[in-house]
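Every number here is computed from the coordinates shown, using simple stated rules; none is lab data. All of these numbers come straight from a predicted model, not from anything done at the bench. Using ideal geometry, Cβ is built from the backbone for each residue, glycine included, and neighbour counts are taken over all protein chains shown.
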Amino acid sequence: MSDSFSFVIHGEAVGKERPRFWRGGHVYTPAKTKAFEEKVRLLALQARGCRRPFVGPVGLQLAFEAPRGGGQAATRVQVLQLDPAYGWVTGRPDVSNCLKAIEDALNGVMYKDDSQVALVRIARGLADSPCVVVPLLPGRG
């Protein structure tokens, strides 16, 4: 049995939004971010099963599949397809904010803390059905 985990988040990725401030200095996480992080957390728990979170360094390899718009070439992301000739896709939400939302959601589920993430590789492309493919690999440490 492999120590790595992989799961798919169906639907468009949601970037981590900045915290909001309420009267009296109270801080809260916006509902859209909170819902996406909970979705990721539940999918990760299903993928992990009864195994414990990783203790050492881990690597995240994310493939964001954005919805195809009118007139764009038909392309599909392959995990770690980072070749510049591939035809990367840009746009909102930006991948760094999506990464942060996923890292935070995996705290306490796939690893104890996102400070354990030692390697990140991300690709974004186009697909008929938007999703995020999330393989997580234990490092050697």
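Subtract the Cα-Cα distance of Glu38 and Ser96 from 0.36 nm times their separation in residues, and report this length gain in nm to one decimal.
Extra length available between Glu38 and Ser96 comes to 19.0 nm.
Add +1 for every Lys or Arg and -1 for every Asp or Glu among the other residues with Cβ under 14 Å from the Cβ of Tyr111, and state the total.
0
Mind listing the phi-derived Karplus ³J(HN,Hα) values for the stretch 122-131, rounded to whole Hz, using 6.51, -1.76 and 1.60 with θ = phi - 60°, and x for any glycine or proline?
Once rounded to whole Hz, the list reads 9, 9, 10, x, 10, 8, 5, 10, x, 6.
Please compute the modelled spin-label separation between Asp104 and Arg23, points set 7 Å along Cα→Cβ, answer in nm with one decimal.
Result for the modelled spin labels: 2.5 nm.
Once phi is turned into θ = phi - 60°, what whole-Hz ³J(HN,Hα) does the Karplus curve with 6.51, -1.76 and 1.60 give for every residue of the stretch 32-40, x standing for Gly and Pro?
So the J values, rounded to whole Hz, are 5, 5, 4, 5, 5, 4, 5, 4, 4.
Give the long-range amide H neighbours of Val58: residues separated by 5 or more places, or on another chain, with amide H under 5 Å away, using H modelled in the peptide plane at 1.01 Å from N.
Sorted by chain and number, the residues that satisfy this are Val117, Ala118, Leu119, Gly139.
Once fully extended, how much extra length lies between Glu12 and Asp113, figured as 0.36 nm per residue of separation less the alpha-carbon to alpha-carbon distance? List each step's numbers first, then the result.
Details: separation 101, 0.36 × 101 = 36.36 nm, distance 2.47 nm.
Going from the current span to full extension adds 33.9 nm.
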